[in-house]
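The values are calculated or read from the model by the stated rules, or taken from the named source; none is laboratory data. Quick caveat: nothing in here was measured; it's all calculated off a predicted structure. Every residue, glycine among them, receives a Cβ derived from its backbone with ideal geometry; neighbour counts consider all protein chains shown. Just the protein is used for accessible areas: all its heavy atoms, side chains included, with ligands, DNA and RNA removed. Shrake-Rupley method; radii C 1.70, N 1.55, O 1.52, S 1.80 Å.
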Amino acid sequence: MDRLVVVGASLAGLRAVEAARKAGFDGTITLIGAEPHLPYDRPPLSKAFLESVEEPRVTQYRDEAKLRDELRIDLRLGTPASAVDTEARAVRVGEEAVRYDALVIATGAQARTLPGCARPLRTVDDARAIRAALVDARRVVVIGAGFIGSEVASSARARGLEVTVVEAAPTPLVRAVGALMGDRYAALHARGGADLRCGTGVSAIEDGRVVLADGTVLNADLVVAGVGAVPATDWLDGSAVRLADGVVCDETLCTGVPGVYAAGDVARWHNPLFDRSMRLEHWTSAAEQGAVAARNALDPDNATAYQTVPYFWSDAYGSRLQFVGVLGPDEVRVVEEDGTGFTAVYREGDRCVGALTLDRPRHIMKLRRLIGVRGSWSDAVALIA
């Protein structure tokens, strides 16, 4: 095996090329990225990047000399992959066919957009555009009370701006943490001085105003869309790679197509720890999956399963929300709480499968370890209570 191609100059893509070299692969590695930028850290874009008076430096994981000279990566940035021929084992980039023996798909996800003048936030260029608009804005409307929308709202409030957050669901983060805990997250918006409007959609976005489905008109100098993301798989349409809300993989991140693996936000794989298919848009899993996918792609006979306790965090209004595991369908219980934060656990049968904390960093990793060994519900309650 002489040629590894990684499509997606993302965190997952970077970890894939690093893992390949660390594993002793001495062949050609090509890293293809749609953006012209070197791989960079995305989470700060909706937080400190928007809040600070002086534009902060974008955190690049590795400089160009490290990638080209030390890791010996053939960088192809600024031109996206447009197709893959799995029979010929070649990725189309512009007019060129880049041949591979092993391929890791790490193209991530792209922000959903809304008609009108709403600005999405996914890339550093998106963040720069929103940051520039915040300078002259007084009234900001954020559509979507998920993590990105809430973080943008928090950043705008930190600048002293009037902020209205519009969410179609009855509570924010209902799909991520459930309705009961979503209500508690709504209190963060109130504490931070944002006007949260739940249970109503948007019927029109016009220059200078947002019209809600209930007829309310919100005046806005800036409208930001935080309505989620979709896996970046258009370039795979018509190929042998199976798609279903992402690239479908087995527990080793293999697509079933010889030599083709996937990692990061684009990968939908079977997580043995919970015995279910998942697609995660989390920093931690992207980093882990990139390394596993590359090692397995280069040595498929000794491929290992990737299982994990999902972990994500969000910073808003001076607080940190952390979640591990999955939503338990049977019960959610707040097991520790005071005026500054709380810890809640989620039950599925007699097993603890998830935990949520607000400003309780000392609890969350203990619970993640317990969930990782399939700990019981009673053990989780006893651990914190």
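Things worth noting here:
So that you can scan it fast, the table gives a plain yes or no per residue for (1) open to solvent by 50 Å² or more (accessible area, probe 1.4 Å); (2) modelled with pLDDT of 90 or more; (3) in a loop (DSSP other than H, G, I, E, B); (4) more than 29 Å from V247 (Cα to Cα):
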residue	(1), (2), (3), (4)
P36	yes, yes, yes, no
L45	no, yes, no, no
E55	yes, no, yes, yes
R62	yes, yes, yes, no
K66	yes, yes, no, yes
D69	yes, yes, no, yes
R76	yes, yes, no, no
T79	yes, yes, yes, no
S82	yes, yes, no, no
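- Number of the exception - E51 against (1) in contact (Cβ under 8 Å) with a residue 12 or more places away in the chain; (2) farther than 21 Å from V224 by Cβ: (2)
- Restricting attention to region 161-171, the residues that are within 26 Å of V135 (Cα to Cα) and either of a type outside the set (S, T, Y) or assigned to a helix (DSSP H, G or I) (or both) add up to 6.
- Annotation for region 232-250: at least one member residue is hydroxyl-bearing (S, T, Y) and in contact (Cβ under 8 Å) with a residue 40 or more places away in the chain.
- Verdict on R157 being closer than 30 Å to V292 by Cβ and modelled with pLDDT of 95 or more: no
- Single residue of region 247-266 satisfying the filter (over 24 Å from A176 (Cβ atoms) and assigned to a strand (DSSP E or B)) that is nearest to the chain's Cα centre (by Cα): Y261
- Residue that is farthest from the chain's Cα centre (by Cα) [pool: residues in region 327-381 that are of a type in the set (S, T, N, Q) and open to solvent by less than 50 Å² (accessible area, probe 1.4 Å)]: S376
- Tally, over region 190-209, of residues that are closer than 27 Å to A179 by Cα, without any contact (Cβ under 8 Å) to a residue 40 or more places away in the chain and open to solvent by 50 Å² or more (accessible area, probe 1.4 Å): 5
- Annotation: of all residues in region 316-326 being in contact with a Leu (Cβ under 9 Å, 6 or more places away or on another chain) and farther than 20 Å from R191 by Cα, the one that is surrounded by the fewest Cβ atoms within 10 Å (Cβ to Cβ) is F323.
- Some residue of region 263-275 being over 28 Å from T357 (Cα atoms), surrounded by fewer than 18 Cβ atoms within 10 Å (Cβ to Cβ) and at pLDDT 95 or above: no
- Screening L121, L212 for residues that are modelled with pLDDT of 95 or more, open to solvent by less than 50 Å² (accessible area, probe 1.4 Å) and touching a Lys or Arg at 6+ places or on another chain (Cβ under 9 Å) leaves exactly one candidate, L212.
- Those residues of region 164-182 which are open to solvent by 60 Å² or more (accessible area, probe 1.4 Å) and farther than 17 Å from A153 by Cβ, in sequence order: P170, R175, L180
- All told, V152 meets the bar of being open to solvent by less than 10 Å² (accessible area, probe 1.4 Å), β-branched (V, I, T), at pLDDT 95 or above and not in a strand (DSSP E or B).
- For region 11-34, a residue qualifies if it is under 19 Å from T233 (Cα atoms) and either modelled with pLDDT under 95 or open to solvent by 40 Å² or more (accessible area, probe 1.4 Å) (or both), and exactly one does: A34.
- Region 223-246, subset closer than 30 Å to L212 by Cα and surrounded by 17 or more Cβ atoms within 10 Å (Cβ to Cβ), residue nearest to the chain's Cα centre (by Cα): A229
- Residue match in region 117-133 (condition: in contact (Cβ under 8 Å) with a residue 24 or more places away in the chain, over 26 Å from the mean Cα position of the chain (by Cα) and not in a helix (DSSP H, G or I)): no
- Of all residues making up region 282-306, the number that are touching a strand residue (DSSP E or B) at 6+ places or on another chain (Cβ under 6 Å) and open to solvent by 20 Å² or more (accessible area, probe 1.4 Å): 3
- Put simply, of V335, V373, V309 the only residue that is under 29 Å from P231 (Cα atoms) and β-branched (V, I, T) is V309.
- Residue tally, condition closer than 20 Å to L236 by Cβ and either modelled with pLDDT under 95 or in contact with a Lys or Arg (Cβ under 6 Å, 6 or more places away or on another chain) (or both), over region 282-310: 1
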